[in-house]
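**Q** Pasting in a structure now, in structure tokens, and then I'll have a few things to ask.
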Amino acid sequence: MTEYSGYMGKMLMIDLDDGSEKEYPWTDRDRELYIGGKAAASKIMYDNFTGKEDPFSGDNLIIVSTGPVTGTFAPSSNRFDISSLSPLTGLTTSSNCGGDFGFYLKKAGLDALIIRGKSEKPIWIEINEGGVKFHPADELWGLKTGETQTALKKKLAELNGPKGRYGMLCIGPAGENLVRYAAVISGERAGGRGGIGAVFGSKNVKALVSTGSREIKIFNKEKAMEHHKKWTAALKAHPITGSQLPRLGTASLVSSMEMNGQLATRNFSAGRFESFEKVSGEALAEEENITNSGCLSCPIRCTRTVEVDGKKVKGPELETLGLFGANLLNDNLKLVCRWNNELDELGMDSISCAGTIAWAMEANEKGLWDNGLKFGQVDGISQVLEDIAFRRGIGDELAEGSKRLSDKYGGKDFAIQSKGMELSAYEPRRAVGQGLGYAVSNRGGCHLNGGYLVVLEGLGLNIDRQTPKAKAQLCMFMQDFMESISLCGHCLFTSYAVFPGFLISKPNSPISRFVNFIIPHCGWAVGMLDRFPAMACMNMPLIPYTYELKYAVGMKMNIGKFLRIGERSYNVERAVNARFGVSAESDKLPKRLTDVLQDPKDPSSKVPLERMKRIYYRTRGWGADGLPGQSKLKRLGIR
Amino acid sequence: MRVKVKLFGLLRIDSGIKEVELEASTVRELYPLLLAEMRRRDPECSLDEKDLRACVVAVNERRAKPGTKLSPGDVVCLLPPVAGG
């Protein structure tokens with residue numbers, strides 16, 4: 001039970017070994033410290049993992065968690081988190097997912113569902129207000145994700161009548177066959193990174209289905225609704241969330257990245273692709289895009305819908321466009337749309353999959369591994385995707401990811417991964433702060449968990465992309481801020497509206513130029529805020545999240561406390577990873593990005609990682625080993 | 001100087017112009033010429049010079065300023081600011 005609104009007051013742990021279920025102890029003090037979502041999941045892993053667990057063992061946990069604002073109809077705030085021990089990295093991983101599963105989990109009366117153990121036979125799990133039911137999934141095993149969800153709808157109509165409404169989460173063949181970067185799919189949304197789909201597969205869980213009619217209480221309905229109205233208006237008026245994302249989606253970044261030299265090309269050996277226009281957001285809008293759509297209660301509606309084989313399906317995001325486009329030297333947009341759909345249907349993360357294929361193409365070119373894959377020759381990629389998902393032929397090896405393959409065949413310098421996870425589509429030698437983020441990110445080569453500094457380094461704001469100045473402090477600030485936003489249940493895209501619109505829409509104005517100039521000189525100030533967030537004991541209209549917690553949840557909040565919660569989340573996740581062997585040594589990038597100049601004439605065109613790392617650890621209050629000590633954890637209230 | 005001007009993002013979608021050739025010696029000189037071309041093609045075009053000046057400009061794929069001088073055959077790209085991914 002809880003005194004706070006927004007929460008359902010219950011986390012449920014189920015054990016597949018014996019089919020038992022019990023309430024997981026979680027107090028209001030925990031809610032104040034960790035809010036929910038990924039932070040709650042990280043704390044649960046901190047309390048349960050010793051560092052000896054194998055991702056495919058029954059001891060691994062799958063934690064599906066929501067935030068207190070999930071389902072309160074705050075704009076763009078219906079997200080949920082899936083966390084586990086990653087088969088790709090051997091460390092914690094999490095995926096923040098849109099769609100409606102989080103909403104229906106709460107309607108079933110749960111803030112989080114924790115799954116441990118292994119089922120002997122394939123099952124799907126129905127979650128409702130009465131608890132959980134295990135159903136055999138023999139008929140579903142082997143089906144693709146779209147087929148699975150259609151079959152489940154039919155089955156549910158037979159079991160519970162035709163009027164039920166459900167949130168669904170399932171895996172495809174890739175998860176069943178333990179592809180290390182298998183995703184879970186909910187509707188058309190993916191919990192993509194880190195291979196949680198394979199953890200589902202290892203536990204013989206094909207799908208989760210949730211339903212219920214419990215009320216999600218709002219603390220002060222009138223104030224909350226008024227706040228939602230103002231917030232929605234602000235999102236609609238902002239140049240990014242009100243115009244660019246609804247009209248062009250994330251794909252619109254391809255052209256800007258190209259101009260900045262940030263578009264990963266030919267396995268990150270370059271930052272520009274001469275045919276980029278053919279696989280850009282503009283081309284997607286002009287040639288392929290039918291319409292846009294969005295998640296529950298989202299005014300941004302960034303999703304593209306395209307047509308593949310006469311069927312309307314979700315279109316590719318920037319990451320898929322960039323990594324299956326420029327990074328493979330492929331300029332065929334129709335193929336990217338097709339592969340994007342195939343990846344969702346097979347249930348695989350497009351980033352790690354594309355990164356692994358790019359590595360294999362270069363390994364083949366360099367004579368390290370004779371696999372037949374070549375840059376620019378992409379007619380057979382559909383078959384390769386299927387072979388990976390079913391672990392056939394070279395697909396069986398590609399299913400292991402680029403780190404394991406480079407350990408086997410050589411070519412580590414161009415295995416573009418960090419901690420075993422392949423990097424996103426942003427080439428960091430032209431956004432060195434993003435490079436730091438990739439390296440120190442708890443999850444591995446992830447742009448978001450790494451603080452997403454590229455949004456300040458040319459994609460949004462335009463601070464000096466090559467200077468290491470202030471990047472460590474900004475990295476920590478952005479990581480903690482974004483962590484806090486997403487663990488409440490908000491979409492990170494809402495955070496773009498935190499930047500005053502004129503800084504984005506008028507980048508050449510004297511004020512914007514001044515702001516862009518001054519930020520790298522303000523590392524000390526950002527560092528002070530990082531270390532002493534309590535200084536920011538106020539709320540600001542530009543930052544709607546603290547008001548949301550106040551009005552919808554009834555939790556006293558200010559910006560400083562909000563940042564501290566993000567910091568706590570980041571540290572507890574790091575502390576779990578430390579048990580699995582993470583240290584400063586693990587925070588690295590492939591030599592291609594740190595030692596090889598992107599432009600031989602420009603000595604700054606590489607990532608000066610070690611210099612930024614030292615400052616980053618100091619700012620975080622970590623030791624030179626890159627880890628939070630006991631005193632740091634104690635100061636953050638992590639016990 | 002005859003240069004090729006390429007438009008991106010919502011500027012391209014809203015103006016319907018993908019690329020156009022214009023005569024100018026600096027980036028700054030391009031703005032009114034481009035706007036005139038947009039209005040010539042679509043008299044109802046709602047874009048104005050402020051929208052063009054707000055764009056990030058690249059000449060031959062290198063970031064440029066309004067005062068950047070142009071050479072014959074240069075490719076000038078105009079990108080409205082974007083974020084998010």
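Every read-out reported here was derived from the displayed coordinates using simple, explicitly stated rules and does not represent laboratory data. Everything numeric in this text was worked out from a predicted model, so none of it was measured. Every residue, glycine as well, gets a Cβ built from its backbone with ideal geometry; the counts of neighbours run over all protein chains shown.
**Q** Radius of gyration and Dmax for segment A:387-481's Cα atoms, expressed in Å?
**A** 15.5, 48
**Q** Leaving out same-chain residues fewer than 8 places away, which aspartates and glutamates sit with a Cα under 13 Å from that of A:K229?
**A** A:E548
**Q** Within segment A:624-639, whose backbone N sits under 14 Å from a point 7 Å along Cα→Cβ of A:R579?
**A** A:639
**Q** Next question, about the same structure. Over segment B:2-79, what number does the Rg to Rh ratio reach, with both radii from the alpha-carbon atoms and Rh per Kirkwood? Don't skip to the answer; put the middle values down first.
**A** On the way: Rg = 11.3 Å, Rh = 12.2 Å.
Computed over Cα atoms, the ratio is 0.92.
**Q** Using label points projected 7 Å from each Cα along Cα→Cβ, tell me how many nm separate A:I290 and A:R639, to one decimal.
**A** Distance between label points: 5.6 nm.
**Q** Can you order the peptides A:226-233, A:15-22, A:473-480, B:69-76 by their average number of other Cβ atoms within 10 Å per residue, highest first?
**A** Values: A:226-233: 16.6, A:15-22: 12.9, A:473-480: 26.1, B:69-76: 14.5.
Result, highest mean Cβ count within 10 Å first: A:473-480, A:226-233, B:69-76, A:15-22.
**Q** Dipole of the protein assembly as shown (Lys/Arg Cβ +1, Asp/Glu Cβ -1, origin at the Cα centre): which of A:I543, A:G212, A:G310 lies farthest to the positive side?
**A** My answer, from the dipole projection, is A:I543.
**Q** Based on the Kirkwood radius over alpha-carbon pairs, what value in µm²/s does the Stokes-Einstein equation return for the translational diffusion coefficient of segment A:11-210 at 37 °C and 0.692 mPa s? If you can, show how the numbers build up before the last one.
**A** Working: Rh = 16.5 Å.
D = 199 µm²/s.
**Q** Let me ask something else about it. Given charges of +1 on the Cβ of Lys and Arg and -1 on the Cβ of Asp and Glu, with all other atoms neutral, how large is the dipole of the protein assembly as shown about its Cα centre, in debye to the nearest 20? Before the final figure, lay out each step's value.
**A** Working: 97 positive and 85 negative charges, 437 e Å.
For this selection, approximately 2100 debye.
**Q** Beyond 25 Å between alpha-carbons counts as too far, so tell me which of A:K43/A:K412; A:K107/A:K561; A:K10/A:K217; A:K107/A:K163; A:K107/A:K312; A:K613/B:K65 fall in that bin. Display every interim value, and only then the final one.
**A** Working: A:K43/A:K412 33 Å; A:K107/A:K561 29 Å; A:K10/A:K217 14 Å; A:K107/A:K163 16 Å; A:K107/A:K312 29 Å; A:K613/B:K65 33 Å.
With Cα atoms farther than 25 Å apart: A:K43/A:K412; A:K107/A:K561; A:K107/A:K312; A:K613/B:K65.
**Q** Counting residues in segment A:431-631 as N, plug N into 2.2 N^0.38 Å and put the Cα Rg over that result.
**A** Working: Rg = 17.0 Å, N = 201, 2.2 N^0.38 = 16.5 Å.
So segment A:431-631 has a normalised radius of gyration of 1.03.
**Q** Still on this structure, I have one more. Charges only on Cβ, +1 for Lys and Arg, -1 for Asp and Glu: so what's the dipole of segment A:188-336 about the Cα centre, in debye to the nearest 20? Walk me through the numbers before you get to the answer.
**A** Values: 21 positive and 16 negative charges, 185 e Å.
Computed charge dipole of segment A:188-336: roughly 880 debye.
**Q** Let me ask another. Within 10 Å of each Cβ in peptide A:271-278, how many partner chain Cβ atoms are there on average? Round it to a whole number, please. Walk me through the intermediate numbers first.
**A** Details: counts 0, 1, 0, 1, 0, 1, 5, 0.
Partner Cβ neighbours, averaged per residue: 1.
**Q** Here's a follow-up. Arranged from highest to lowest average of other beta-carbon atoms within 10 Å per residue, in what order do the peptides A:484-493, A:399-408 appear?
**A** Working: A:484-493: 25.7, A:399-408: 22.3.
Sorting A:484-493, A:399-408 by mean packing, highest first, produces A:484-493, A:399-408.
**Q** Also, quick follow-up: Pop out the ³J(HN,Hα) list for segment B:55-65 in order, Karplus 6.51 cos²θ - 1.76 cosθ + 1.60 with θ = phi - 60°, rounded to Hz; leave Gly and Pro as x.
**A** 6, 7, 10, 10, 10, 6, 6, 10, 4, 9, 10
**Q** How many percent of the alpha carbon pairs in segment A:297-375 exceed a separation of 18 Å? Provide the component values of the computation, followed by the final result.
**A** Details: 1444 of 3081 pairs.
Across segment A:297-375, Cα pairs with separations above 18 Å total 47 percent.
**Q** A further question on this structure: State the three equivalent ellipsoid semi-axes of chain A, derived from the C-alpha gyration tensor as the square roots of 5 times its eigenvalues, in descending order and whole Å. Don't skip to the end; give the middle numbers.
**A** Working: eigenvalues 209, 185, 120 Å².
They are 32, 30, 25 Å, listed from largest to smallest.
**Q** Peptide B:3-16: average number of partner chain Cβ atoms within 10 Å per residue? Don't jump to the answer; show the numbers that get you there.
**A** Numbers: counts 0, 0, 0, 3, 2, 11, 12, 9, 1, 7, 7, 2, 0, 1.
So the per-residue partner count for this stretch is 4.
**Q** How far, in nm, would the chain grow between A:D18 and A:S382 when pulled straight, counting 0.36 nm per residue and subtracting the alpha carbon separation?
**A** On the way: separation 364, 0.36 × 364 = 131.04 nm, distance 4.00 nm.
127.0 nm is the gain from fully extending A:D18 to A:S382.
**Q** On a full-extension model of 0.36 nm per residue, what is the gain between B:A36 and B:E49, subtracting their alpha-carbon distance, rounded to one decimal in nm?
**A** Numbers: separation 13, 0.36 × 13 = 4.68 nm, distance 0.97 nm.
Taking 0.36 nm per residue and subtracting the Cα distance, the gain is 3.7 nm.
**Q** Please compute, for peptide B:70-79, the average count of beta-carbon atoms on other protein chains lying within 10 Å of each residue's beta-carbon. Don't jump to the answer; show the numbers that get you there.
**A** Numbers: counts 0, 0, 0, 0, 0, 0, 0, 5, 0, 6.
Rounded to a whole number, the mean comes out at 1.
**Q** With a Förster radius of 25 Å, plug the Cβ-Cβ distance of A:K153 and A:E215 into 1/(1 + (r/R0)^6) and report the FRET value to the nearest 0.05.
**A** Values: r = 25 Å, r/R0 = 1.00.
After rounding to 0.05, the efficiency reads 0.50.
**Q** Any chance you could tell me what percent of the C-alpha pair distances in segment A:263-422 go past 22 Å? Mind dumping the intermediate values first?
**A** Working: 5171 of 12720 pairs.
More than 22 Å apart: 41 percent of the Cα pairs in segment A:263-422.
**Q** Work out the charge dipole of the protein assembly as shown with +1 on the Cβ of Lys and Arg and -1 on the Cβ of Asp and Glu about the Cα centre, then indicate which of A:P136, A:H521, B:V20 is farthest towards its positive end.
**A** A:H521
**Q** Another question, then. Any number yet on Rg/Rh for segment A:153-257, C-alpha, Kirkwood?
**A** Here Rg/Rh amounts to 1.11.
**Q** Something else: Would you grab the residues whose amide H sits under 5 Å from the one on A:D17? Only those 5+ places off in sequence or on another chain, please, with H modelled 1.01 Å from N.
**A** A:K118
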